[in-house]
1. Hey, among 334, 343, 289, 319, which residue is crowded, with 18+ Cβ neighbours inside 10 Å and basic (Lys, Arg)?
2. Report yes if residue 310 is of a type in the set (Gly, Ala, Ser), out of contact with any helix residue (DSSP H, G or I) (no Cβ under 8 Å at 6 or more places or on another chain) and either touching a residue at least 60 places away in the same chain (Cβ under 8 Å) or surrounded by 15 or more Cβ atoms within 10 Å (Cβ to Cβ) (or both), otherwise no.
3. Condition first: in a helix (DSSP H, G or I) and among the hydrophobic types (A, V, I, L, M, F, W, C). Can you find one or more residues in region 275-285 that meet it?
4. Which members of region 124-136 meet the condition of being free of Cβ contacts under 8 Å to residues at least 24 places away in the same chain and open to solvent by less than 60 Å² (accessible area, probe 1.4 Å)?
5. If you scan region 232-245, which residues turn out to be open to solvent by less than 70 Å² (accessible area, probe 1.4 Å) and among the hydrophobic types (A, V, I, L, M, F, W, C)?
6. Here are some residues: 148, 180. Which one is open to solvent by 40 Å² or more (accessible area, probe 1.4 Å), part of a strand (DSSP E or B) and either in contact with a helix residue (DSSP H, G or I) (Cβ under 7 Å, 6 or more places away or on another chain) or in contact (Cβ under 8 Å) with a residue 24 or more places away in the chain (or both)?
7. Which condition number does residue 301 fail, the rest of (1) on the phi > 0 side of the Ramachandran plot; (2) open to solvent by 60 Å² or more (accessible area, probe 1.4 Å) being met?
Amino acid sequence: MSFFSKLTGGLKKNVSQGRKKVLKDERRLTTSRLNRRTAFTVVFWGVLLGVIFFSFQAWARTGFLNEKVNGYQDQASSQIESLNEVGFANSPAGETFANQFVTTYINVSNDEKKREERSKALQDFLAEGLQVGELENLTAFQGKRVLKSASLYDVKNVSEDAASYVYRIDYELFNVVEKKEQVPVKSKGKDGKEAVVKEERMKKIDEPLGKKEQMIVVRLGTDGNSFNVIEQPYYQAIPGKSRVAAVQDQTDQSQQNVKVEDEMKQFVTQFFTSYTTNSVDEMAYLMEKPESLKDLYEYKGLEDFVVYDGEQEGQYIVKTLVLLQEANTGLQTKHPFTLVVSKENNKFYVKQFKHTLGG
């Protein structure tokens, strides 16, 4: 082979190898670029989705927490409102404070020093700006006042920070008078011997002026930590005794059924005998909602027995007083009952059993 041929073949081979190398390098570069781009895209979308996800979680959690906080706030507000409406009125601390004030206020001594001590004690009960001198004037009262009893009667005019405590009080008034009195004293005579003689002296005596019963109203205020009397207390007369009408049988008398009275009385007698001797389970055969007074009372009879026609045919309403005697004693009491009785399977059955004549 000629030199020229060898040279030409070597050049072709080098060119071919160079081309393959360039193509190979280009493929590597393209693949590398694609891998980097894909990785960047994945990372970018991953980060973006992560941000969106955690932002949503944070928003949802914030909303949840806000809802919880608002719920707690509403609950706390409700509890505070309930405390303001009910808690203050029923506060043992408020009642104790009012009771202590009433005790200090009503008791008045005839001793000047004790009156001064009382005045200082009363001032501690009073709100800022209210003075003892604005409550009373004892200058003309030379006697004394003694509290016998004080009991809480009512709590009214309850607001967020104040309430009026109404006490029923019983106290006694005394007028302190000076009377001459013969007092035995020892004295020496002219002969130097001691002898007992009568000597006239003035002595203070508590003269009763009578007892009083009335109501006293004490208005208390609070700052949440302590109580004070915020207005002058005032008196009221004890409410008059009132009487309400007793429960009576209001059933229409035209519905009374005299014809079945004897038959029903026989059944009711049997029923209440069982009522005081049978167990609750056994009474289930005689009444819809079984009750029993077994071993507690003994049946002794009926009074004011009346039978009326019921709302349905074959149904009767029985109203009566039942004499029950406490077991092992002679003590009898009268119990009101209303029975709604119907006939089932040829026997009477108590559908309703009420401890009243009015139902």
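1. Working: 334 fails: crowded, with 18+ Cβ neighbours inside 10 Å; 343 fails: crowded, with 18+ Cβ neighbours inside 10 Å; 289 fails: crowded, with 18+ Cβ neighbours inside 10 Å.
Every option except 319 fails the conditions.
2. Values: of a type in the set (Gly, Ala, Ser): yes; out of contact with any helix residue (DSSP H, G or I) (no Cβ under 8 Å at 6 or more places or on another chain): yes; either touching a residue at least 60 places away in the same chain (Cβ under 8 Å) or surrounded by 15 or more Cβ atoms within 10 Å (Cβ to Cβ) (or both): yes.
Yes.
3. Quick first cut of region 275-285, residues in a helix (DSSP H, G or I) only: 275, 280-283.
Next, only the ones that are among the hydrophobic types (A, V, I, L, M, F, W, C) stay: 280, 283.
So far as region 275-285 goes, yes, one or more of its residues are in a helix (DSSP H, G or I) and among the hydrophobic types (A, V, I, L, M, F, W, C).
4. Looking only at region 124-136, we keep the residues that are free of Cβ contacts under 8 Å to residues at least 24 places away in the same chain, and these are 124, 129, 131-133, 136.
Correct list: 132, 136.
5. Once the filter is applied, which keeps residues that are open to solvent by less than 70 Å² (accessible area, probe 1.4 Å) and among the hydrophobic types (A, V, I, L, M, F, W, C), region 232-245 yields only 238.
6. Numbers: 180 fails: either in contact with a helix residue (DSSP H, G or I) (Cβ under 7 Å, 6 or more places away or on another chain) or in contact (Cβ under 8 Å) with a residue 24 or more places away in the chain (or both).
Going through 148, 180 in turn, the sole match is 148.
7. (2)
The values are calculated or read from the model by the stated rules, or taken from the named source; none is laboratory data. Every value quoted in this text rests on a predicted model; they were computed, and no experiment measured them. Reconstructed Cβ throughout: ideal geometry from the backbone, glycine too, with neighbour counts over all protein chains shown. Calculation scope for accessible area: heavy atoms of the full protein, side chains included, ligands and nucleic acids excluded. Shrake-Rupley method; radii C 1.70, N 1.55, O 1.52, S 1.80 Å.
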